[in-house]
Amino acid sequence: MRSSNPVFSRRGFSRDTGYAGFNAPPKAGGPAADPYAGTNPYAQGAAQAATQAPPQYTPQTRPMTMDDVVARTAMTLGTVIAGATVGWLFLTDNLGFALGAGLVAMVLGLVQSFKRKPSPALILSYAVLEGLFLGALSGFINDLPKMNGAPMQAVLGTMAVFVTMLIAYKTRIVRVTARFTRFVMIAAMGFVLLSLVNCLFMVFGGGDGLGFRSGGMGILFGLVGVVLGALFLALDFKQVEDGVAYGAPREESWLAAFGLTLTLVWIYLEMLRLISILRD
């Protein structure tokens, strides 16, 4: 049985065959018996050696465990929090630099997303820059009238979404199937496309663009964004579960941590925007 998760199926994980087809059982059949085995004292040993199964591949690293995923995720999120603290304290009045850090973080995230192997240095660099951007943006919003405490509410809301989805996934209220994955990916692409179109209208047309950032439409759009982030958490949980079950190499725990961090950042930003609209 192959993984339904697109990341692990691309890497060749299979419950039956292990990682990339290694550790598979030997194929049936073998060389024909030697007709001279009864008279040649060396033929019997040679025939036995020929019919023996070839040595199985032994992975160079041990398989990924849940502890590995937890440790890497804690490291990545801790780096984001450290960067956010610096951004909150020193970059609130310099949003230009913070936006630049956010753009570079987005580029690094895209590079890692298209790489076949996880790069810890790339992932941690993304976490630092993303943290600087989030900290500066959160500090700026917190200083606005009627917005004091909004970032903390967004953090609590993000934690609530994470715990809720984890419980729903573990109790199988939410089941990640191939159809579920296709639906989430299509919905996410539509959401991102509408966001980009709205930004273009805001830049070239002025005002609030298509109205996705304020009023009733903004609230609805924000709720959709939070729900999509929650559904992506289910995909992340499935990725971790598949990786542990299919014997993924230990380095893949960095990829799982990266996916969880991306999703939590998404949910936090949507939560912060939604709370800002409700408070305004």
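General observations
- Scan segment 85-119 for residues that are under 20 Å from the mean Cα position of the chain (by Cα), part of a helix (DSSP H, G or I) and touching a residue at least 40 places away in the same chain (Cβ under 8 Å) and the total you get is 2.
- Here LEU122 fits the description: of a type outside the set (Gly, Ala, Ser) and in a helix (DSSP H, G or I).
- Taking segment 113-126 as the range and being within 17 Å of LEU264 (Cβ to Cβ) and modelled with pLDDT under 95 as the test, only SER113 passes.
- Residue within segment 127-150 that is closer than 12 Å to VAL265 by Cα, modelled with pLDDT of 95 or more and of a type in the set (Val, Ile, Thr) present: no
- Of all residues in segment 233-280, those satisfying the criterion of being of a type in the set (S, T, N, Q) and over 23 Å from LEU132 (Cα atoms) are GLN239, SER253.
- Residue list for segment 68-90, filter: surrounded by fewer than 23 Cβ atoms within 10 Å (Cβ to Cβ), more than 30 Å from GLU241 (Cβ to Cβ) and either hydrophobic (A, V, I, L, M, F, W, C) or touching a Phe, Trp or Tyr at 6+ places or on another chain (Cβ under 8 Å) (or both): VAL86, TRP88, LEU89, PHE90
- From the options ARG213, ARG279, residue that is in contact with a Lys or Arg (Cβ under 6 Å, 6 or more places away or on another chain), surrounded by fewer than 21 Cβ atoms within 10 Å (Cβ to Cβ) and in contact (Cβ under 8 Å) with a residue 60 or more places away in the chain: ARG279
- Close contacts from segment 140-161, counting a first residue that is among the basic types (Lys, Arg) and a second that is not in a helix (DSSP H, G or I), with Cβ to Cβ under 9 Å and a gap of 6+ residues or different chains, come to LYS146/ASP280.
- Which listed residue, of LEU137, LEU166, is surrounded by 17 or more Cβ atoms within 10 Å (Cβ to Cβ) and part of a helix (DSSP H, G or I): LEU137
The values are calculated or read from the model by the stated rules, or taken from the named source; none is laboratory data. Note that the structure is predicted; figures quoted are calculated from it, not measured. Cβ: placed from backbone, ideal geometry, glycine included. Neighbour counts: every protein chain shown.
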